[in-house]
1. Mind checking which residues of the range 180-205 are over 17 Å from residue 111 (Cβ atoms) and either assigned to a helix (DSSP H, G or I) or among the β-branched types (Val, Ile, Thr) (or both)?
2. Restricting to the range 51-79, name every residue that is in contact with an Asp or Glu (Cβ under 9 Å, 6 or more places away or on another chain) and of a type in the set (Phe, Trp, Tyr).
3. Taking the condition without any contact (Cβ under 8 Å) to a residue 12 or more places away in the chain, part of a helix (DSSP H, G or I) and either among the aliphatic types (A, V, I, L, M) or assigned by TED's automatic domain parsing to the domain that holds residue 96 (or both), does residue 172 pass?
4. Going by the structure shown, is residue 178 over 12 Å from the mean Cα position of the chain (by Cα), of a type in the set (Asp, Glu), surrounded by 14 or more Cβ atoms within 10 Å (Cβ to Cβ) and modelled with pLDDT of 95 or more?
5. Any chance the range 129-136 includes a residue that's within 15 Å of the ligand (Cβ to nearest atom), outside the structural domain of residue 32 (by TED's automatic domain parsing) and in contact (Cβ under 8 Å) with a residue 24 or more places away in the chain?
6. Can you name every residue in the range 19-43 that is at pLDDT 95 or above, within 12 Å of the ligand (Cβ to nearest atom) and over 14 Å from the mean Cα position of the chain (by Cα)?
7. Looking at (1) assigned to a helix (DSSP H, G or I); (2) crowded, with 16+ Cβ neighbours inside 10 Å, can you tell me which one residue 124 breaks?
8. Would you mention how many residues in the range 64-89 are within 14 Å of the chain's Cα centre (by Cα) and surrounded by 15 or more Cβ atoms within 10 Å (Cβ to Cβ)?
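The values are calculated or read from the model by the stated rules, or taken from the named source; none is laboratory data. Fair warning: this is a prediction, and the values are worked out from it, not measured in the lab. For neighbour counting, all protein chains shown are included, and Cβ atoms are generated from backbone atoms with ideal geometry for every residue, glycine included.
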Amino acid sequence: MRCAVFASGGGSNFQALLDRKEAGDLHVDITVLVVNNSGAGAVARAKKSSIPVVHCAPSHFQTEKRYIESLQQHLQQYGVELIVCAGYMKRLPPPVVHAFRNRILNIHPGLLPAFGGKGMYGERVHRAVLDYGAKISGITVHFADDEYDHGPIVLQKAVPVRDGDTPEKLAARVLKAEHANYWRAVEAVGNGRVRIEGRRVVGRI
Ligand code: GRF
């Protein structure tokens with residue numbers, strides 16, 4: 001299956017996927033990296049692995065419509081069948097979400113539906129978990145739909161909250177779990193090993 005990885009940040013999840021491919025564990029083709037800011041750390045990682053990079057952001061276009069058309073053109077050009085968001089800080093435009101229904105994966109650094117939704121990303125999630133006093137956090141891989149952090153859940157893993165945690169410490173522990181697990185969801189979806197029954201994603205991950 002031909003995948004596009006979308007990333008805006010450091011790209012450590014993207015790197016973890018590349019490493020799993022290199023190790024022979026992940027069998028999807030990562031055909032293109034899409035970024036919305038040229039400063040994304042993921043860009044250097046893509047270049048090192050000779051993966052083409054598309055830099056596409058709404059500010060490059062006069063209208064939202066043109067931006068969406070361009071994004072769609074790029075996805076078509078690379079024959080993309082699955083979109084894997086790995087720290088992509090921008091919501092994908094509805095026409096793309098609809099065209100790729102149940103074919104967009106996202107990873108959230110918390111256990112949804114808690115500590116998710118609009119504005120809940122990055123350090124904010126970990127701070128909210130600590131402020132609430134939760135004892136367990138974790139990761140959620142889910143299909144993206146029209147609402148933030150809402151689509152059917154593919155995979156979740158719990159990560160303990162420890163006494164003395166700061167948002168940074170918790171973030172580092174959660175990120176490790178992301179690296180260890182995101183590829184499993186990508187592989188299962190890429191292999192067609194899962195199916196969606198209502199909100200439930202069933203099958204072997
Ligand atoms: C991860 O914590 C991911 O869950 C969130 O953004 C972060 C991306 O980190 N959506 P990186 O860019 O993969 O290092």
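1. 183, 186, 187, 188, 189, 190, 194, 196, 202 - these are the residues of the range 180-205 that are over 17 Å from residue 111 (Cβ atoms) and either assigned to a helix (DSSP H, G or I) or among the β-branched types (Val, Ile, Thr) (or both).
2. Residue satisfying the conditions is 61 alone.
3. yes
4. For residue 178, the condition - over 12 Å from the mean Cα position of the chain (by Cα), of a type in the set (Asp, Glu), surrounded by 14 or more Cβ atoms within 10 Å (Cβ to Cβ) and modelled with pLDDT of 95 or more - is not met.
5. Within the range 129-136, one or more residues are within 15 Å of the ligand (Cβ to nearest atom), outside the structural domain of residue 32 (by TED's automatic domain parsing) and in contact (Cβ under 8 Å) with a residue 24 or more places away in the chain.
6. 43, the sole residue that qualifies.
7. Exception for residue 124: condition (2).
8. Matching residues across the range 64-89 total 7.
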